[in-house]
Amino acid sequence: MNAHALLTAQGWRGTGHSLHPTSDSNGLTHHILIKRNKDGAGLGNKKDHKQEAWWLNAFDQALKGIDTKSGTMKQTLKGGALEKITARNVATKYTGTRGLYTSFIRGGVMEGSVNDPAASLPTPPDSGAGTPLPTEPDSKTKKDGKREETKEERRARREAKRLKKAEKEALREARRRAAEKVEKKKAKKAERQAAKEKLKASETREERRARRDARRKRKDAKRRVSAVK
């Protein structure tokens, strides 16, 4: 990615200028410098990473100083790097409430296999070592590998199925009642409209005028009542 071209496309004025569109007083005009430690660590330093593995180097040095020729393990190395790390003047850095050793979990003691004569013998190819023993088939496992459900699981599955079916029936019944209600409203409206048309066809001109006057008076009375309220 060309960062210079990308920033220029977004409105940057170029090298030596901040990201502000008009003023260099806001923001940085130079790149951020990388702070390096006194030990030489950081970007751009060519340092052997194996030197950083101080614990691995000390542990490896201590293992190489163990003599097993006599049949028992004996430490022949004196004053190695591991002893220097565990010395009193250095151990304060790794022990205590905030020391490095508090991050480790204490485990058991590893037993050696030097005195075991069978440990040095190679395992023959046809010995069957590592072959798992045949196990009895589980009574709750079907032939296709799926586990057979218990009585409680079967009862719970059937109860969930019944509740789901009841919900569907209730929803279907509610929709049917809503449709019947709409149809009843339409029938009543059509009936009122037919009665009105029949009344208009049978009444005389004077009766029609009287009916309209009565309706107008009712509207005026309602309007006056609402104005008083």
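The values are calculated or read from the model by the stated rules, or taken from the named source; none is laboratory data. These numbers come from a predicted model, not from an experiment.
Worth pointing out:
- Count of region 208-229 residues which are at pLDDT below 85 and either among the acidic types (Asp, Glu) or not in a helix (DSSP H, G or I) (or both): 1
- The set of residues in region 66-82 being within 20 Å of TRP54 (Cα to Cα) and either at pLDDT 80 or above or of a type in the set (A, V, I, L, M, F, W, C) (or both) consists of ILE66, LEU77, ALA81, LEU82.
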